[in-house]
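Below: one structure, written as structure tokens.
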Amino acid sequence: MRERLSHICAALHSARVFADIGCDHGYCTQYMLRHGLCERAYLSDISAGSLKKAESLLAEYIAEGRCIPVVADGLQGIPEPCDLVLIAGMGGEEIVRILGPYPLPEKFVLQPMKNAEKVRRFLLARGGRIECDLTFSEGDRKMKFYDLICGCGAGGDGYTDMEFRYGRDNLRGGSSAFCAMLRTERDKLAERAARPDMNEKARAGLLEKLREIEGILHEIETDL
Ligand SMILES: C[S@@+](CC[C@H](N)C(=O)[O-])C[C@H]1O[C@@H](n2cnc3c(N)ncnc32)[C@H](O)[C@@H]1O
């Protein structure tokens, strides 16, 4: 299993009814069922072609009635409340759009590919609580970085502006993946800010962001 999916699966936990929205290959649902973590699971994907992959991977569970495939946009095809909802591998705006029309799920595991801040802001505005909010990495030489946001539909507390932007556990714990992501971002910003064709206003914006990142790294490094 790919490293990204292993991180996501490690955040999954037992549930009565599980839904994997945008399941594609269905590996995360396979993990839930194989480990006896749910009574039944809904596999949902907007693309019938993508869902086919999951249907063949999970054919046995589907035959047993423990896994129900649906072609649908987001949660639309799920006929009952699910106590654990996974949405991984989509943009943050799409995740917000999918969750928007419904009360927040009892528990959620979200892995936005971008716009994690929008997801955090949406969840907290809806009264949700984020219990795990961190960056993880995949690969050694050419690292990729992903955000993982898990929590429950009620009991939220306030986030600071920086926590919305960077993730609370990242700022509190400073994992090696988060620090590596910051260093990568810092280097990219420095390179862009040094371009001679850059207009001064844009350069000032880049340098401000660069200083912010250096400040976070400094705090983490002095806390170690
Ligand atoms: C990049 S794949 C991610 C698959 C898997 N969740 C993962 O993390 O590896 C995104 C999947 O989401 C599906 N998708 C995109 N928008 C969707 C929506 N609104 N509702 C359901 N599925 C959607 C796509 O068809 C695709 O199979």
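The values are calculated or read from the model by the stated rules, or taken from the named source; none is laboratory data. Keep in mind it's a predicted model, so treat the numbers as computed, not measured. Positions of Cβ are generated from backbone atoms using ideal geometry, with glycine treated the same way; all protein chains shown enter the neighbour counts. All accessible areas refer to the heavy atoms of the entire protein, side chains included, with ligands and DNA or RNA removed. Shrake-Rupley method; radii C 1.70, N 1.55, O 1.52, S 1.80 Å.
General remarks:
- Residue 117 being surrounded by 16 or more Cβ atoms within 10 Å (Cβ to Cβ), without any contact (Cβ under 8 Å) to a residue 60 or more places away in the chain, of a type in the set (Asp, Glu) and over 18 Å from residue 5 (Cβ atoms): yes
- Meets criteria (assigned by TED's automatic domain parsing to the domain that holds residue 109, touching a helix residue (DSSP H, G or I) at 6+ places or on another chain (Cβ under 9 Å) and open to solvent by 60 Å² or more (accessible area, probe 1.4 Å)) for residue 27: yes
- Lone qualifier among 56, 6 - being farther than 19 Å from residue 99 by Cβ, in a helix (DSSP H, G or I), within 12 Å of the ligand (Cβ to nearest atom) and hydroxyl-bearing (Ser, Thr, Tyr): 6
- Here the condition is being open to solvent by less than 10 Å² (accessible area, probe 1.4 Å) and farther than 30 Å from residue 167 by Cα; of 84, 110, 99, 58, it holds for 58 alone.
- Taking the stretch 10-32 as the range and being within 10 Å of the ligand (Cβ to nearest atom) and either farther than 24 Å from residue 139 by Cα or not hydroxyl-bearing (Ser, Thr, Tyr) (or both) as the test, the residues that pass are 20, 21, 22, 23, 24, 25, 26, 28.
- When 208, 200, 212, 191 are checked against the criterion of being open to solvent by 20 Å² or more (accessible area, probe 1.4 Å), modelled with pLDDT under 95 and not basic (Lys, Arg), a single residue qualifies: 200.
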